[in-house]
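Have a look at the structure below, then the notes.
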Amino acid sequence: MKFKERLHNIQHVIDCQKSELVSHQQFMVLCTVTFIIIGVLSFTVCGLTGAYSSYNTVINICILLFAVITFPLFLLGYIQCRTALYILSAVMSIFVSIEMIFCLFYPCCFENRDTLITSDIGILNLLSFILVSSYMLKAAIFLTACAMTTYTACIIVSGSNDLQQNFLLYSIIFILVIILGFKMSKELEKLHKENLTLKTEEQRIIEKLGLNKEQITSLVHLSDKSVKNKERNAAAHDFMESISLEARHRLISTIENYIKEREVSQHNLSEIFPELTPSEIAICRLVLQDKSTSEICIILDKTRGNVSSQRVHIRSKLGLSPSEPLLDCLKKRIATTQVG
């Protein structure tokens, strides 16, 4: 039972890393780095990649142990992915720097001292790039400063020409990596702001419609032209059943208003009612949409007295008696015009 619970917790931890861009990127980097460390150092410790001194072996075993311990701690939820990356990068930079210093003061214990120091600074360079790719710029800057300080100390103490020749190259590489990190941080900040804006807009639309994401997705599916009529009817039924009664009435009312506005907009009322002024035409258009006098006042930004006065003028021009509804007269006139 406990084993299944742990597997479930591990799956939950992994799923959580996929929810955001940065978390997912850091998770992928952590997995890649961990498996590379375990794979490469396992072969190295076993002596399958060549002969190494006892100092190299001890350092490799220490890094390997940290990698083997840190990754399961992350999977079990004891530490965050970002923390695991910090631990691995700190451990690797510390032990690699120690190896460089050992090479410097005990050259007899290491073969090809300069080559080993150069390869170590290359490892730190790669580690700096890994931190940048994980959106951990501050850690990359700190690592770069420590690495170049250690490498400079090695040059000063050893006086090696080979190390001096590579100094400029590694300095440029580190600088380029940090510049890349700054660029990525700016783009991430920009992306975060855009994502926040989209979420705010999405939430505003959801609140405006009174629907959830699944219901909106179903609604969009209804407008897909590639969907067959039978499937569309089924989707429409499922959608209407999924929303509340209030939302259903609101949606139907909105669609009815849209249809009325569409029908009215297709008629050129100025040609059908040439005797009316543009202001009176605007009122007739809203009357045809079943708008009340109060709604007409709000839409046209006019007083109730002004709208009522214009309605009287309209009725007079159309020759209506006090008992005849204006809406029926307008519809009849439009129908007569279309037939003619």
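The values are calculated or read from the model by the stated rules, or taken from the named source; none is laboratory data. All of these numbers come straight from a predicted model, not from anything done at the bench. All Cβ positions, even for glycine, are placed from backbone atoms using ideal geometry, and neighbour counts span all protein chains on display. Surface areas here come from the heavy atoms of the whole protein model, side chains and all, with no ligands, DNA or RNA. Shrake-Rupley method; radii C 1.70, N 1.55, O 1.52, S 1.80 Å.
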(message) When you scan the range 68-75, do you find a residue that is farther than 22 Å from Gln11 by Cα, out of contact with any helix residue (DSSP H, G or I) (no Cβ under 8 Å at 6 or more places or on another chain) and in a helix (DSSP H, G or I), even just one?
(response) no
(request) Just one of (1) of a type in the set (D, E, K, R); (2) in contact with a helix residue (DSSP H, G or I) (Cβ under 7 Å, 6 or more places away or on another chain); (3) within 20 Å of Val91 (Cβ to Cβ) trips up Asp162, so point out which. (result) (3)
(message) For the range 307-315, check the following and say yes or no: at least one residue is in a loop (DSSP other than H, G, I, E, B) and surrounded by 10 or more Cβ atoms within 10 Å (Cβ to Cβ).
(response) no
(request) Report yes if Asn166 is in contact (Cβ under 8 Å) with a residue 40 or more places away in the chain, open to solvent by less than 50 Å² (accessible area, probe 1.4 Å) and more than 30 Å from Leu191 (Cα to Cα), otherwise no. (result) yes
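Leu7: part of a loop (DSSP other than H, G, I, E, B) and at pLDDT below 80, yes or no?
No.
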(request) Tell me, please, whether a residue that is modelled with pLDDT of 70 or more and more than 20 Å from Thr336 (Cα to Cα) can be found in the range 270-277. (result) yes
(message) Checking the structure you have, find out if any residue of the range 113-122 is touching a helix residue (DSSP H, G or I) at 6+ places or on another chain (Cβ under 7 Å), part of a helix (DSSP H, G or I), closer than 20 Å to Ile61 by Cα and of a type in the set (Val, Ile, Thr).
(response) yes
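Quick check on my filter: what residues within the range 52-82 are open to solvent by 60 Å² or more (accessible area, probe 1.4 Å) and modelled with pLDDT of 85 or more?
Result: Ile61, Leu65, Phe66, Val68, Ile69, Leu73, Tyr78, Gln80, Arg82.
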(message) Among (1) open to solvent by less than 50 Å² (accessible area, probe 1.4 Å); (2) closer than 26 Å to Ile61 by Cα, there is one condition Ser185 misses while meeting the rest; what is its number?
(response) (2)
